[in-house]
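The values are calculated or read from the model by the stated rules, or taken from the named source; none is laboratory data. Predicted model, so just to flag it, every value in this text is computed and none were measured. With ideal geometry, Cβ positions are generated from the backbone for all residues, glycine too; neighbour counts draw on all protein chains shown.
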Amino acid sequence: MLAELAAFSDSDANLTRLYLSPAHRAAADRVAEWMREAGLDVGFDALGTVRGRLKPTAAGRAGNRRLLIGSHIDTVVDAGRYDGMLGVVAGILAAEELRSRSIDLPFGIDLLAFGDEEGVRFPTTLVSSSAVAGCLVPSDLDARDADGVSLRDALQAFGGDPQAAASTAYARDEALAYLEVHIEQGPVLEAEGLPLGIVTSIAGQSRFSITVTGEAGHAGTVPMTLRRDALAASAEMMLAIEDVARAGGAHQMVATVGRLAAKPGAVNVIPADVTFTLDIRADADAPRLAAIAELDARFRAIAGRRGVSVAMEKFYESPTTPCAPRLQEAFAGAARDLGLADRRLASGAGHDGHAMHHLTDVGMLFVRCRGGISHNPAEHATIDDMGLAVEALIKAVERLAADAASSGDLT
């Protein structure tokens, strides 16, 4: 199934499937077919999310409560075939097994195949899951891609309905929880010889554009002691970033400088202006915010000592999304049932759960991936590990169903 999905690409050279593209539409149609074959009622919502519905099977407890299971089917450029897609396929297989095993469900199950998790085509992210969660920013529909096509127009070409965006949201009392299976996208589980891990939180992220301003000068005539070198100052700031992030290792803190530009950019001119980005993440908000405050102080100290100025401009902020303890325990119980370790870890990558947390509790299960490689054609998870993940998802749903049936409480 993953191999078949990987064939739907906007590029002949690699797997690149962008939100609302023809390849996205083809992949979504195939996912819809699989959902129908698994016995689900299927449709598309106004933002292009594929929704498959399995009705409650336990007598007298139907109501309108639904357990949501999903992930995304859009990709980065030159992607692997597991990121996002595994969660969608795992949900379909789990639903099929729940039906074939005649497991009583006091709630319905909705499978969701989202489309804008990667945020590659438009300067947006999580548009489709945000709509489902009721937290869509309306102005996102006016965002434009590199060719000038608006998200609104692309949605209409896809077959969606931007005017009905608000109708895609679940009512808060409809959603029981949101579960997602995903490759780890990191090396921890492989290093520890574990096939599965239970996610404790989705890391909060802060992103900054940092501008350092010094003074241009002749590379041969300005003494080193009299220079106001913006690039040298920036280099020292980058080392400070690395130092602070390493000190926050207990909170799975990571920090990255991904872009750097120096001006005027001549080989024989001292750099006068440097701009670089900072992406900093941790498993909780407090240590991340404390690290940012420390970096601000250290940047200013470096700038003062080197005779330059520095400005930090935040352009993205996403708070930590905690995974609900009851859902962690459901996955942990499933792992124990399978004879596996109860390994808890945070996710350093963002997921649709960031948006879904605005609607309901979030739970995530990680699957070991080879070398921790992701966003890369070399991305890989074994069939055995993926099979364990599907079975763990089934057992977690069974535990939630049993808890609801015994307590009479679906929350």
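In a helix (DSSP H, G or I), surrounded by fewer than 24 Cβ atoms within 10 Å (Cβ to Cβ) and either under 23 Å from the mean Cα position of the chain (by Cα) or among the hydrophobic types (A, V, I, L, M, F, W, C) (or both): does that describe residue 30?
Here the answer is yes, as residue 30 does meet what is asked.
Write out, first by first residue and then by second, each pair whose Cβ atoms fall under 7 Å of each other, whose residues are 6+ apart or on separate chains, and whose first residue, in region 387-399, is small (Gly, Ala, Ser) while the second is crowded, with 21+ Cβ neighbours inside 10 Å and in a helix (DSSP H, G or I).
389/90; 392/331; 392/334; 392/335; 396/330; 396/331; 396/334
Tell me yes or no: at least one residue of region 278-289 is buried (at least 17 other Cβ atoms within 10 Å of the Cβ), out of contact with any Pro (no Cβ under 8 Å at 6 or more places or on another chain), more than 30 Å from residue 128 (Cβ to Cβ) and modelled with pLDDT of 95 or more.
yes
Results for (1) touching a Leu at 6+ places or on another chain (Cβ under 6 Å); (2) closer than 25 Å to residue 168 by Cβ; (3) of a type in the set (Lys, Arg); (4) buried (at least 20 other Cβ atoms within 10 Å of the Cβ), shown as yes or no for each residue.
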residue: 42; (1), (2), (3), (4): no, yes, no, no
residue: 67; (1), (2), (3), (4): yes, yes, no, yes
residue: 82; (1), (2), (3), (4): no, no, no, yes
residue: 101; (1), (2), (3), (4): no, no, yes, no
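For region 49-66, state whether one or more residues are in contact with a helix residue (DSSP H, G or I) (Cβ under 9 Å, 6 or more places away or on another chain), on the phi > 0 side of the Ramachandran plot and not acidic (Asp, Glu).
Within region 49-66 (the criterion being in contact with a helix residue (DSSP H, G or I) (Cβ under 9 Å, 6 or more places away or on another chain), on the phi > 0 side of the Ramachandran plot and not acidic (Asp, Glu)), the answer is no, since none of the residues qualifies.
Where in region 161-238 are the strands (runs of 3 or more DSSP E), entirely inside, with at least 3 residues that are surrounded by 23 or more Cβ atoms within 10 Å (Cβ to Cβ) and touching an Asp or Glu at 6+ places or on another chain (Cβ under 8 Å)?
175-183, 196-202
Quick check on my filter: what residues within region 306-323 are of a type outside the set (Ser, Thr, Tyr), in contact with a strand residue (DSSP E or B) (Cβ under 6 Å, 6 or more places away or on another chain) and either closer than 19 Å to residue 353 by Cα or outside any strand (DSSP E or B) (or both)?
Hits for region 306-323 are 308, 317, 319, 322, 323.
Considering (1) touching a residue at least 12 places away in the same chain (Cβ under 8 Å); (2) over 30 Å from residue 365 (Cβ atoms), say which one residue 224 fails and leave the rest.
In the conditions (1) touching a residue at least 12 places away in the same chain (Cβ under 8 Å); (2) over 30 Å from residue 365 (Cβ atoms), residue 224 misses (1) alone.
Residue 391 is checked against (1) buried (at least 22 other Cβ atoms within 10 Å of the Cβ); (2) assigned to a helix (DSSP H, G or I) and fails just one. What number does that condition carry?
Going through the list (1) buried (at least 22 other Cβ atoms within 10 Å of the Cβ); (2) assigned to a helix (DSSP H, G or I), residue 391 breaks only (1).
Do we have any residue at all in region 344-367 that's free of Cβ contacts under 8 Å to residues at least 60 places away in the same chain, more than 19 Å from residue 254 (Cα to Cα) and in a loop (DSSP other than H, G, I, E, B)?
Taking every residue of region 344-367 in turn, none turns out to be free of Cβ contacts under 8 Å to residues at least 60 places away in the same chain, more than 19 Å from residue 254 (Cα to Cα) and in a loop (DSSP other than H, G, I, E, B).
Determine if region 321-330 includes at least one residue that is in contact with a helix residue (DSSP H, G or I) (Cβ under 7 Å, 6 or more places away or on another chain), among the hydrophobic types (A, V, I, L, M, F, W, C) and in the same structural domain as residue 103 (by TED's automatic domain parsing).
yes
Output the number of residues of region 144-158 satisfying the condition of being outside any helix (DSSP H, G or I) and of a type in the set (Gly, Ala, Ser).
Count: 3.
Condition first: assigned to a loop (DSSP other than H, G, I, E, B) and either of a type in the set (Ser, Thr, Tyr) or under 21 Å from residue 66 (Cα atoms) (or both). Now tell me which residues in region 127-143 satisfy that.
134, 135, 136
For residue 103, indicate whether it is closer than 20 Å to residue 68 by Cα and modelled with pLDDT of 95 or more.
For residue 103, the condition - closer than 20 Å to residue 68 by Cα and modelled with pLDDT of 95 or more - is not met.
Of all residues in region 176-217, count the ones that are assigned by TED's automatic domain parsing to the domain that holds residue 330, more than 17 Å from the chain's Cα centre (by Cα) and among the polar types (S, T, N, Q).
Result for region 176-217: 0.
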